[in-house]
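*Asks:* Before I ask anything, here is the structure I am working with.
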Amino acid sequence: MIVLGIDPGLANTGYGVVTRRGRRVVALDGGVIETAAGLPIERRLADVFAAVDALLEEHSPNAVALEELYFGQNVRTAFAVGHARGAVMLAAGRHGVPCTGYTPQKVKSSVCGHGRAPKDQVARMVQSLLDLPELPTPDHAADALAVALCHVNCAPLTTALTAAHA
């Protein structure tokens, strides 16, 4: 299974690609899609869409895992994140790749063992779990890798539960 994890944002959309190799999960790619603040929102969303579309072409993931909106943010930020999530989901839909959303607390709990882990702890755990030579940077890329790890860890249980209730 190859998973594209996304930490959505209008200015910075983090991405991380992971796959399971035997008993290990390894990182295939990671980084940040940046858009220029001076551009109109529709141009910035088109840029996010195009970059995610290219990642889907390059890695052919089986799933896209997205961080859900965190409603503690201000409304303007929440709308911008929601728009970016929509651009990512549109790209995934175009490729027929299913999307799953995870709350920040679920991601942190899956990767760190508790849902209130600070960003530096998340980055250190991502580094450890993926056996990376150094901390993943910037934060958006580390968060996206954490979202992908969360999906890899949660997907088998979700599939089993869905099958049990069918």
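*Asks:* Sorted by accessible area with a 1.4 angstrom probe, largest first, how do CYS99, CYS150 fall?
*Replies:* Details: CYS99 50, CYS150 0 Å².
Listed by decreasing accessible area, they come as CYS99, CYS150.
*Asks:* Please report the carbon-and-sulfur percent of the accessible area for segment 15-132; probe 1.4 Å, protein heavy atoms only, DNA, RNA and ligands left out. Spell out each step's value before the answer.
*Replies:* Numbers: 3360 of 6490 Å².
Solvent-exposed carbon and sulfur of segment 15-132 make up 52 percent of the total.
*Asks:* Using R₀ = 30 Å, calculate the FRET efficiency as 1/(1 + (r/R₀)^6) where r is the Cβ-Cβ separation of ALA54 and ARG76; round to 0.05. Before the final figure, lay out each step's value.
*Replies:* Numbers: r = 28 Å, r/R0 = 0.94.
The calculated FRET efficiency here is 0.60.
*Asks:* Then there is this: Gain in length, ARG23 to HIS95, computed as 0.36 nm per residue apart minus the alpha-carbon separation, to one decimal in nm?
*Replies:* So the chain would gain 23.1 nm between ARG23 and HIS95.
*Asks:* Further, regarding this structure: Give me Rg/Rg_expected for the chain, where Rg uses Cα atoms only and Rg_expected = 2.2 N^0.38 Å with N residues.
*Replies:* Details: Rg = 15.1 Å, N = 166, 2.2 N^0.38 = 15.3 Å.
That works out to 0.99 for the chain.
*Asks:* Another one. With the crude spin-label approximation of a point 7 Å out along Cα→Cβ, what separation in nm comes out for THR103 versus ALA46?
*Replies:* Label at THR103, label at ALA46, 3.7 nm between them.
*Asks:* Which order do peptides 133-146, 25-38 fall in by mean Cβ count within 10 Å, highest first?
*Replies:* Values: 133-146: 20.6, 25-38: 16.4.
With the highest mean Cβ count within 10 Å placed first, the list reads 133-146, 25-38.
*Asks:* With axes computed from alpha carbons, what is the tilt in degrees of helix 119-129 against the longest principal axis of the chain, rounded to the nearest 10 within 0 to 90?
*Replies:* 50
*Asks:* Return the whole-Å distance between the Cα centroid of segment 111-160 and the Cα centroid of segment 22-94.
*Replies:* One Cα centre to the other: 17 Å.
*Asks:* Okay, next question. What number results when the radius of gyration of segment 74-146, computed over Cα atoms, is divided by 2.2 N^0.38 Å? The partial results should precede the final answer.
*Replies:* Details: Rg = 14.0 Å, N = 73, 2.2 N^0.38 = 11.2 Å.
Working it through for segment 74-146, the quotient is 1.25.
*Asks:* Helix 75-95 against the longest principal axis of the chain: what's the angle in degrees, Cα atoms only, rounded to the nearest 10?
*Replies:* Between the helix axis and the principal axis of the chain, the angle is about 70 degrees.
*Asks:* Among DSSP beta bridges lying fully in segment 1-123, give the percent that are antiparallel, nearest 5. Don't skip to the answer; put the middle values down first.
*Replies:* Details: 16 of 24 bridges.
Percentage antiparallel, nearest 5: 65.
The values are calculated or read from the model by the stated rules, or taken from the named source; none is laboratory data. Owing to the predicted nature of the structure, the values given are computational and were not obtained by experimental measurement. All Cβ positions, glycine included, derive from the backbone under ideal geometry; neighbour counts span all protein chains shown. The area values use the complete protein model at the heavy-atom level, side chains included, leaving out ligands, DNA and RNA. Shrake-Rupley method; radii C 1.70, N 1.55, O 1.52, S 1.80 Å.
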